[in-house]
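Worksheet for the structure shown next.
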Amino acid sequence: YQPVVSADGQIDGFEALLRWTNKKLGNVSPVKFIPVAEDTRLIGPIGEWVLQSACREAVNWPESTKVAVNVSAEQLSSPGFIGAVVKALSHSGLTPSRLEIEVTESVFLREVSGAMATLDQVRALGVKLVLDDFGTGYSSLGYLRMGQFATIKVDRSFVQGALKGNRESIAIIRAVVALADSLEMSTTAEGVESQEEANAIIALGCKKLQGYHFGRPMPASDARAIFAKTLDLRAPKVA
C-alpha cells in the first residue's frame with residue numbers, strides 16, 4: 001500500500017500495489033508476472049483477490065481514507081467483474097465511495113468488449129473512477145467525458161520535467177489541472193520523490209501527491225500503523 005496525500009500533507013488514501021515474493025525467485029516484478037497472468041487468464045481470480053484484500057484492509061483505516069485498486073482491460077471485459085466488486089464491498093463492509101477503481105487509457109481501446117459499460121456500472125455502485133497516466137498514451141478529452149472520472153493522475157515524467165523547468169511539462173500539468181478543475185475532478189501527481197518536487201507540483205495546482213517522498217509501498221501492517229501515531233509527512237502548508 002502506497003500513501004496518497006493531499007496538498008496539506010494529510011493522507012487521502014492508499015493505492016494497493018500487487019507484489020509477489022517467491023521462495024525461489026525472490027521478489028518478482030509486476031512487469032514480469034502481470035502479463036503472464038493476463039495471458040494465462042489468471043488475472044481475473046488474482047484481481048478478485050486483490051479487490052477483496054484491499055477492501056478488507058481499508059475498513060481498518062479512518063472513514064475518510066480511500067483505497068485505490070488497479071484494474072486491467074482484461075478484468076473489465078470479464079462478465080464477472082461487477083459481481084466481484086459487489087462481493088468485495090459487501091463482504092468487507094467498506095463504503096463504496098471509499099473504493100477507487102484505477103484504469104489506464106488502454107481500456108478505451110477495448111470498447112468493443114464493453115469496458116465503458118462496465119465502468120458505468122462501477123460508478124453506479126458509488127465507486128470512484130481514477131484515470132491513470134493521463135497524457136502518456138492515447139489521450140483524448142472524450143475519454144474524460146465518457147468515463148466521468150473522479151481523479152486524473154499526472155504521470156511522473158511530467159513531474160520530473162516540471163522540476164527541471166521544462167516548459168512543455170509545466171504547460172501540460174497546468175492544462176490538466178485546469179481541465180480537471182473545470183470538470184470537477186481532482187488531480188494526483190505521481191512519483192513525487194522530494195520536497196522540492198512536492199512544492200513545485202502543488203504550486204501548479206495539483207490537489208494530491210504520491211511518491212517515495214511520502215512513503216514507499218508498504219505492508220498492510222505498516223499502513224495501519226500510520227494511523228496509530230502522529231506522522232509528519234513534511235508537506236508544505238497551503239494558505
Hey, can you grab everything whose amide H is under 5 Å from the amide H of Val154? Only 5+ residues off in sequence or another chain; H modelled, so Pro and N-termini drop out.
Thr188, Ala189, Glu190
Label selected from (i) 17.5, 52; (ii) 22.4, 68; (iii) 26.6, 90, the criterion being Rg and Dmax of the Cα atoms in Å as computed here:
(i)
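At R0 = 25 Å, how high is the FRET efficiency between Ala124 and Ile46 if r is their beta carbon distance? Nearest 0.05 is fine.
Plugging the Cβ-Cβ distance into 1/(1 + (r/R0)^6) gives 0.50.
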For Lys32, give me every one of the lysines with a C-alpha distance below 20 angstrom, ignoring sequence neighbours fewer than eight places off in its own chain.
Lys23, Lys24
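Dipole of the chain, Cα-centred, from +1 at each Lys and Arg C-beta and -1 at each Asp and Glu C-beta, to the nearest 20 debye?
Details: 25 positive and 26 negative charges, 92 e Å.
Computed charge dipole of the chain: roughly 440 debye.
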Can you find, among Ala37, Ser78, Tyr1, the residue sitting farthest towards the positive end of the charge dipole of the chain, where Lys and Arg contribute +1 and Asp and Glu -1 at Cβ?
Tyr1
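Roughly what % of DSSP beta bridges within the stretch 1-92 run antiparallel, to the nearest 5?
Of the beta bridges lying entirely in the stretch 1-92, close to 65 percent run antiparallel.
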How do 31-41, 92-102, 177-187 rank on mean C-beta neighbours within 10 Å, highest first?
92-102, 177-187, 31-41
Can you pull the one-decimal nm distance between simple spin-label points at Val28 and Ser194, each 7 Å off the Cα toward Cβ?
3.6
Beta bridges per DSSP with both ends in the chain, % antiparallel, nearest 5
30
Using a 1.4 Å probe on the protein heavy atoms, what percent of the accessible area of the chain belongs to carbon and sulfur?
53
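Could you tell me whether the stretch 1-126 comes out rounded, prolate or oblate from its Cα gyration tensor? Rule is a ≥ b ≥ c as square roots of the eigenvalues, rounded for a/c under 1.5, then prolate if a/b exceeds b/c, otherwise oblate. All intermediate terms of the calculation are to be shown ahead of the outcome.
Working: a/c = 1.60, a/b = 1.11, b/c = 1.44.
It comes out oblate by the Cα gyration axes.
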Using amide H atoms built 1.01 Å from N in the peptide plane, name the residues 5+ places from Leu17, or on other chains, whose amide H lies under 5 Å from its own.
Gln2
Is any helix in the chain, taking whole DSSP H runs, at least 15 angstrom long along its axis by alpha carbon and on average at least -1.0 on the Kyte-Doolittle scale, and which ones?
43-58, 81-92, 167-182
Assigning unit charges at the beta carbon (Lys, Arg +1; Asp, Glu -1) and nothing else, what dipole magnitude in debye, to the nearest 20, does the stretch 163-224 show about its Cα centre?
20
Per residue, how many Å² of accessible area does the chain show with a 1.4 Å probe?
50
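The values are calculated or read from the model by the stated rules, or taken from the named source; none is laboratory data. Since this is a predicted model, take the numbers as computed values, not measurements. So basically every Cβ, Gly included, is an ideal-geometry build from the backbone, and we count neighbours across all protein chains shown. Heads up: the accessible areas ignore ligands, DNA and RNA and are worked out on the full protein's heavy atoms, side chains in. Shrake-Rupley method; radii C 1.70, N 1.55, O 1.52, S 1.80 Å.
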